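Remarks on the structure that follows.
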Amino acid sequence: MFSWLVRTVSACWRPLSRYVPMSKDEDDVLGGEDDPLLWCRDLEKHSCGEFSFSVVQANQVCEDHSQVDTGREGTFVGVYDGHGGPDASRFVRDHLFLHLIKLARENATIDEEVLKNAFAATEDGFLSHVRRAFGITPSIASKGCCCLVGVIWKGTLYVANLGDSRAVLGHIGRSNKIVAEQLTKDHNASIEEVRKELMSLHPDDSHIVAHVEGTWRVKGIIQVSRSIGDAYLKKTEFALGPDFPRFHLKEPLRRPILRADPSVCSRNLQPADRFLIFASDGLWELLSNQKAVEIVHNNPREGIARRLIVSALDVAARRRKLKYDDLKKYDKGVRRAFHDDITVVVVFMDHEILNDELPVPEMSVRGFVDTHGPSDFNILQEVATKTNSHS
């Protein structure tokens, strides 16, 4: 116990090695460790199991930000897929979890309403940031972020989503086969249901969705219908003029076009539930839900998030009649022609320890930035401490 504690404490707040050494055979299977744009944490503990975490960069500046926070009371996963730059996704990473913990302590619990309110506080905070910066840097109004959050708390999974990142559950179905269950809705105009929703909310706007260069887009500009940020599509005060042709709206806003209220769901974790995959849309553009859960189910846990990304990159390369080894030679920026930034977190549930009070590292890991430190995932202890101090 003491040696484990020493190892955990000594690991806090230090740079992470970009890669974890593996055997030669494993290295061949996973596509090699010489991709300079790929980062991973191969296997770590969380409140009721283990998790694997990996990110690959494609853009000149990585627009994906992400985090995993673990503590004795629960586990938090956040995947934040920015667009127009990393401004919004970085802001969400730095604020959403803190809002969630603050609200959870005030309410002495986590539930769907607490999650929704944490998203609302994050949106309000970013729009305030836009308001302060808009006069000097008007382009800040075009920055936005898809946002996917998962929380495991007292044996219950809570998931909240804005945009087209996706959470997929792998569970054992009939005939003892692994089955993929998508837990989130994709808020993307490529989906007919989303287009119908937009048209019903904007009956006086015949151009609310438009088919542009083979893709359905909201106002012919953006694919997602919900996001944090994208202030120019939400408030008239942030309208961008002809100097920003990509984001200029010819008619003034009658009402907000994009929404910032997440789709939220919860479920009690069942014995048949084996693992969760949280990933930005870059993964799902290349792998189906079922293919992804089969890869996780049929391979060792260690390095499984990296294995998913490498499997997706192999598909991206083959679509261009290349091999993954060829793809790795392209630098950031150029790589965007082949694939998007991709973030993957795989969370395993070990039900035999779900309700046990076992030692868990209280750790916050931020994807791709190579640092980690102590987590603030501490709700009931904090509530109890405050209660005792006032008694």
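The values are calculated or read from the model by the stated rules, or taken from the named source; none is laboratory data. Keep in mind that what you see is a predicted model, and the values were worked out from it rather than measured. With ideal geometry, Cβ positions are generated from the backbone for all residues, glycine too; neighbour counts draw on all protein chains shown. With ligands, DNA and RNA removed, areas are computed over all heavy atoms of the protein, side chains included. Shrake-Rupley method; radii C 1.70, N 1.55, O 1.52, S 1.80 Å.
Pair-distance distribution P(r) for the range 184-338, from all Cα-Cα distances in 5 Å bins starting at 0: 1, 7, 13, 15, 14, 14, 13, 11, 8, 3, 1, 0 percent. Would you kindly state the longest site-free stretch of the chain, with sites defined as GluC sites (Glu not before Pro) in a DSSP loop (not H, G, I, E, B) surrounded by at most 12 other Cβ atoms within 10 Å? With a cap of 12 other Cβ atoms within 10 Å, the longest stretch comes to 1-212.
Summed over all non-identical Cα pairs, the Kirkwood treatment of the range 151-207 gives a radius of 14.1 Å.
Rounded to the nearest 20 Debye, what is the dipole magnitude of the range 119-172 about its Cα centre when Lys and Arg each give +1 and Asp and Glu each give -1 at the C-beta? Before the final figure, lay out the partial values.
Working: 5 positive and 3 negative charges, 19 e Å.
Approximately 100 debye in magnitude.
Treating each Cα of the range 77-121 as an identical point scatterer and summing with the Debye formula, the log10 of I(q)/I(0) at q = 0.26, 0.27, 0.28 Å⁻¹ comes to -0.89, -0.93, -0.97. Shown here are the Rg and Dmax of the Cα trace of the range 118-264, at 17.6, 61 Å.
Computed over the chain, the per-residue total of -39500 (n - 2.57) for DSSP H runs of n ≥ 4 gives a 222 nm mean residue ellipticity of -9000 deg cm²/dmol, rounded to 500. Legend: residues HIS99, HIS339, sorted from most to least accessible area (1.4 Å probe; ligands, DNA and RNA excluded), read HIS99, HIS339. Diffusion coefficient (Stokes-Einstein, Kirkwood radius over C-alpha pairs, 25 °C, 0.890 mPa s) for the range 116-185: 164 µm²/s, rounded to a whole number. Counting protein heavy atoms only, the chain has 51 percent of its accessible area on carbon and sulfur, 1.4 angstrom probe.
Simple spin-label estimate for VAL61 and GLU237 gives 2.5 nm between the two label positions (7 Å along the Cα-to-Cβ direction from each Cα).
Express in % the proportion of alpha carbon pairs of the range 206-272 at distances exceeding 19 Å. Tail of the P(r) past 19 Å holds 42 percent of the pairs. In terms of the Cα gyration tensor, with a ≥ b ≥ c the square roots of its eigenvalues, is the range 25-130 rounded because a/c is under 1.5, prolate because a/b exceeds b/c, or oblate? Judged from the Cα gyration tensor, the range 25-130 comes out oblate (a/c at least 1.5, b/c at or above a/b).
Placing unit charges on each Cβ (+1 for Lys and Arg, -1 for Asp and Glu) gives the chain a dipole about its Cα centre, and among HIS297, TYR330, PHE278 the Cα reaching farthest toward its positive end belongs to TYR330.
Positive end of the dipole of the range 171-258 (Cβ unit charges, origin at the Cα centre): among ILE178, LEU249, ILE222, the Cα lying farthest that way belongs to ILE178.
Here LYS250 is the anchor, and the lysines within straight C-alpha reach of less than 21 Å, apart from those fewer than 8 places off in the same chain, are LYS143, LYS219, LYS234, LYS235. For the chain, the calculated P(r), taken from all Cα-Cα distances in 10 Å bins from zero up to the bin holding the longest distance, is 5, 22, 32, 25, 12, 3, 0 percent.
Annotation: aspartates and glutamates with alpha-carbon distance below 14 angstrom to LYS329 (same-chain offsets under eight excluded): GLU33, ASP34, ASP35, ASP314.
Kindly flag which residue pairs out of LYS177/LYS291; LYS45/LYS291; LYS116/LYS185 have an alpha-carbon separation exceeding 18 Å in this structure. Walk me through the numbers before you get to the answer.
On the way: LYS177/LYS291 13 Å; LYS45/LYS291 25 Å; LYS116/LYS185 15 Å.
Those over the limit are LYS45/LYS291.
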